[in-house]
């Protein structure tokens, strides 16, 4: 039986199931839940100053993610970083297929089942990518990564655990190799965060990678005769 990585179009998944209004609704629900969690923690800290030092640090870190010293420069460079990362991952994925002696067209097209197929689906995919990438960054790099950081002396351990979780949540749909690239990107984003990148920069990098993988790279592969037309 072929693995998900070797299948072009898993019959149980269709683009119509992925790209619709439910995707936006799901992201809004996540935002509301995060807002509620933030409100509860903020209320605890304000009502008992000094009693919840861990939560106070968590809030300070989270609030610091929204500070941006050079907005124009950051908003220009972040999408470029995302595009470069997408092409780098494309190269790594191609190399992995070559080393395993996979047929290139089949290997590169194994994720085609996720691509939107008409104008309506493309519109939903674009909207979900814009909103969902920001929501994922706030949830994983903001809420969860920030909570894991104090456990170890080095941020890398928190990044590895968070990234393993992040990749695992994608594995059921996208397969092992795609999840491995997601793991690598997640670690890099955590590194950018501890280097002072804001939530806006992380979201723009994330958005750029997703848009490249959904629209630009499939278009380029189709033009070369490798991808789906």
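The values are calculated or read from the model by the stated rules, or taken from the named source; none is laboratory data. The structure displayed is predicted, hence computed values, not measured ones. Note that we place each Cβ from the backbone using ideal geometry, even for glycine, and neighbour counts take in every protein chain shown.
Overview of results
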{"item": "Residue tally, condition in a helix (DSSP H, G or I) and surrounded by 15 or more Cβ atoms within 10 Å (Cβ to Cβ), over the range 9-23", "result": "3"}
{"item": "Failed item, numbered, when residue 34 is tested on (1) in contact (Cβ under 8 Å) with a residue 40 or more places away in the chain; (2) farther than 19 Å from residue 134 by Cβ", "result": "(2)"}
{"item": "Residue match in the range 39-59 (condition: closer than 22 Å to residue 130 by Cα, in a helix (DSSP H, G or I) and modelled with pLDDT of 90 or more)", "result": "no"}
{"item": "Which listed residue, of 99, 115, 104, is within 18 Å of the chain's Cα centre (by Cα) and over 23 Å from residue 140 (Cβ atoms)", "result": "115"}
{"item": "Matching entry among 142, 91, 111, 82 (being closer than 30 Å to residue 55 by Cα and out of contact with any strand residue (DSSP E or B) (no Cβ under 6 Å at 6 or more places or on another chain))", "result": "142"}
{"item": "Helices (runs of 4 or more DSSP H) fully within the range 138-227 counting 1 or more residues that are crowded, with 21+ Cβ neighbours inside 10 Å, over 17 Å from the mean Cα position of the chain (by Cα) and modelled with pLDDT under 95", "result": "217-223"}
{"item": "Any chance residue 44 is out of contact with any helix residue (DSSP H, G or I) (no Cβ under 8 Å at 6 or more places or on another chain) and on the phi < 0 side of the Ramachandran plot", "result": "no"}
{"item": "Residue 72 part of a helix (DSSP H, G or I), at pLDDT below 90 and loosely packed, with under 14 Cβ neighbours inside 10 Å", "result": "yes"}
